[in-house]
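Quick notes on the structure that follows.
The values are calculated or read from the model by the stated rules, or taken from the named source; none is laboratory data. Just so you know, these numbers come straight off a predicted model, no measurement behind them. FYI the Cβ positions are ideal-geometry reconstructions off the backbone, even for glycines, and counts take in every protein chain you see.
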Amino acid sequence: MAVEFLKSVYRLEDLPRTNEPRKEIVFVGRSNVGKSSLLNYLTGRDIAKVGKTPGRTRAINYFKWDFEGIKAFLVDLPGYGFARGDKREVENWKRLIEGYFHEKKDDIGLVLVLVDAKVGPTKDDIAMLEWLEYLGIPYAVVLTKEDKAKQKELNQTLKKLKELGVKNVIKTSSKEKKGKEQLLKVIYSYLKKEV
Ligand SMILES: Nc1nc2c(ncn2[C@@H]2O[C@H](COP(=O)(O)OP(=O)(O)O)[C@@H](O)[C@H]2O)c(=O)[nH]1
Ligand SMILES: [Mg+2]
């Protein structure tokens, strides 16, 4: 599998538009949930910046990804929660994310909604899930940092997700390198789907 950084997008006008369309696999979740770490673990390359001051990851980061002969994009969205308290930042973030989903709706193969295994689904996570449901965009929930959650906490998180009607949950730990095969399998099945 080959992966290559393409660009950081700060304005909707700069979203990549090519005559060679690629399905997009999108990473969303709150800042610090482990998006960049998972992207690196998944691709086997240290290509996304990990643990940067949340405020600095305001861009949509695009990576070209060739996986099992399929040309795709990996899209690392700016995390929610970083700009709390700063009205203008929150507005900018909202405009970028909402614009992204509206413009790229038909290009999206799958959205991975990352939820911290220990913390469980937050208000923002739930709002995101409802919104994806409303837009009819396919998504799967990926639990991150499984290594940090006690069995009891993990069960609690799974129970909450079940109550929210979430069917597809994939457990991962980028630190302990767990869950990659299952996640790649799910991604592959969505990339293979006809539009
Ligand atoms: N224990 C543990 N820590 C992790 C894991 N994944 C990420 N982290 C840590 O969580 C912090 C945020 O990770 P990052 O990938 O930058 O999150 P992002 O803001 O969502 O992109 C970093 O300090 C990572 O080292 C994991 O699976 N287990
Ligand atoms: Mg990140």
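Observations on the structure shown:
- Helices (runs of 4 or more DSSP H) (entirely within segment 105-195) containing at least 1 residues that are farther than 27 Å from ARG22 by Cα and free of Cβ contacts under 8 Å to residues at least 60 places away in the same chain: 123-135, 151-163
- Pairs where the first residue, in segment 19-33, is farther than 12 Å from LEU191 by Cα and the second is away from ligand 2 (no atom under 11 Å from the Cβ) and assigned to a loop (DSSP other than H, G, I, E, B), C-beta under 7 Å, 6+ apart: ARG30/GLY81; ARG30/THR122; SER31/GLY81
- Restricted to segment 1-56, and to residues there that are among the hydroxyl-bearing types (Ser, Thr, Tyr) and touching a helix residue (DSSP H, G or I) at 6+ places or on another chain (Cβ under 7 Å), the residue that is surrounded by the fewest Cβ atoms within 10 Å (Cβ to Cβ) is SER31.
- Residue among VAL50, VAL33, VAL28 that alone is touching a Ser or Thr at 6+ places or on another chain (Cβ under 6 Å) and either among the charged types (D, E, K, R) or closer than 15 Å to VAL142 by Cα (or both): VAL33
- Residues of segment 71-104 satisfying the condition of being under 20 Å from LYS123 (Cβ atoms), at pLDDT 85 or above and not in a helix (DSSP H, G or I): LEU77, PRO78, GLY79
- Flag: GLY81 matches the condition of being on the phi > 0 side of the Ramachandran plot, touching a residue at least 24 places away in the same chain (Cβ under 8 Å) and either touching an Asp or Glu at 6+ places or on another chain (Cβ under 9 Å) or aliphatic (A, V, I, L, M) (or both).
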